[in-house]
Amino acid sequence: MMPTHTRMPRFLRPALACALVVTLGSGCYTINTSGDATVPPRADGSMPDARDSGPAPSVTQVDLLFMIDNSNSMTEEQAALTLEVPRMVDILASGDFDLDGDFAGDGELGDEDFEPVRDLNVGVITSDMGTGGFTVPTCARADFGDDGILRTMGRTDIPGCMATYAAFLNFRPDSGGSATDFAQDVACVATTGTGGCGFEQPLEATLKALSPSEPTTWTRDGYTTPTFFRNTSGQATTNNAGLVRDDSVLAVILVSDEEDCSARDPELFNPSSATYGATDLNLRCFAHSDAALHPISRFVDGLIQLRRFPTRLVFAPIVGIPLDLAPAPGSRPNYPVLVSEDPSVRDNRMEEWVDPANPNRLIPSCNVPGVGVAFPPVRIVRVAERLDALGAGVTVQSICQPSFTDAATEIIRRIRNAAAGG
């Protein structure tokens, strides 16, 4: 049953070419009835070689990027995330999936222990990418914001935190370092605070943070270099050099309570814009997504080409899907219910509706008192869906859960599977 309140039109709703074909950039890939995908064309249109499509060897290195929404609404969510960081590090470093004292190779039935990660890089970025040079409330640095550059600032208001850290943190269990101390350092950087721009661009921030300015030994053959605001290049081989390595699993944990607003047209943020000025500033990312935002294919193509094997990419957004729509342990997300174009299939809470009680925002997709309010992350889930179909390790979790323990467990499961060769 459709709600009776006002619904704004969906400006970006591409139709599928057929039931089992999904458009990706300039090409298509087919999905069989089991949900697996054939290997897609490279970004330049050529077909991948055996190295791209064959099984990936196991690895013991993980490069982990946290993309943290640092807007004003994220206090509770950041606290929930940082509580889980020590547990995640302990599990990855020990291989003891359930932290029950039994480790990989013990021969017991029923546990999910695995080969521990021997070399872990962790970096943190924020969703603040500026506002195209226009002065907008809550966005202090209008040009580039944090620009996808790895955070080095610690939270000195948190006991035990230093003022500055390295651009990314590295932990090797065999070196004798403390997993507990390492996890505390990660939490000090990942607690980004809430003074960032309210126009979140998590997909653009992630792509810029991880994209090199030219092909490297760890990018896919035919790598196409993306460009960003004011024709700038990605940060992976400059400010963020060293975070991503050749033989590693690259895992992205994206944490946001808002939809993505990765702008292709900076004029979107101009308060007095002749093009977009008739729309409330807070609704422009939704109302003008077709004209002003980057297409989903930019982020699917851009992220998948960062690994020679798609199975070595893990994409794990913790976003505003309703609590009961989070996948069961070990299961894939129910993408039709989350983002189907068919209104009879898609859950109403994932529809983008203007809130009649607060007409300068959308109706929340989840709202848990004391935990937080979040909005439908349709673009982010669609990126997840397409990466999943290409063979990446994907889970989509709810930011409205009071504890991130279940979300962290699912993310570790995807990292474990990717490290084992997919």
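Structure summary
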| item | result |
| --- | --- |
| Which of THR395, THR152 is most accessible, then next, and so on - probe 1.4 Å | THR152, THR395 |
| Approximate spin-label separation ASN231-ASN348, in nm, with each point projected 7 Å along Cα-to-Cβ | 5.1 nm |
| Zero-based 10 Å bins, Cα pair distances in segment 138-238, whole percents | 13, 34, 33, 18, 2 |
| Amide N of segment 249-292 lying under 19 Å from the label point, which is placed 7 angstrom from the Cα of ASN170 along Cα→Cβ | 249-251 |
| Computed label-point distance, nm, for sites ALA163 and ARG87 using a 7 Å Cα→Cβ extension | 3.5 nm |
| Segment 123-160-segment 348-422 distance, computed between alpha-carbon centres (Å) | 22 Å |
| Rounded if a/c under 1.5, otherwise prolate or oblate - segment 217-372, Cα gyration tensor axes | oblate |
| Heavy atoms of ASP265: accessible area, 1.4 Å probe, square angstrom to 10 | 50 Å² |
| For ARG361, distant residues with modelled amide H under 5 Å away | ASP355 |
| Euclidean distance between Cα centres, segment 54-91 to segment 227-248, Å | 19 Å |
| Accessible-area order (highest first, 1.4 angstrom probe) of the listed residues ARG332, ARG220 | ARG332, ARG220 |
| Distance (nanometres) between label positions extended 7 Å along Cα→Cβ at THR216 and ALA140 | 2.9 nm |
| Whole-percent carbon and sulfur share, accessible surface of segment 287-422, 1.4 Å | 55 percent |
| Rounded FRET efficiency, nearest 0.05, which uses the C-beta distance separating ASN358 from THR238 and R0 of 30 Å | 0.10 |
| Heavy-atom surface of segment 132-245, accessible at 1.4 Å and reported per residue (Å²) | 43 Å² |
| Normalised per residue, the volume of the convex hull around the Cα set of segment 73-209 (Å³) | 134 Å³ |
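The values are calculated or read from the model by the stated rules, or taken from the named source; none is laboratory data. Treat the numbers as computed from the prediction; the structure is a model and nothing was measured. Ideal geometry is used to build each Cβ from the backbone, glycine not excepted, and the neighbour counts take in all protein chains shown. The protein model used for the area step is the full one, side chains on, heavy atoms only, and it has no ligands, DNA or RNA in it. Shrake-Rupley method; radii C 1.70, N 1.55, O 1.52, S 1.80 Å.
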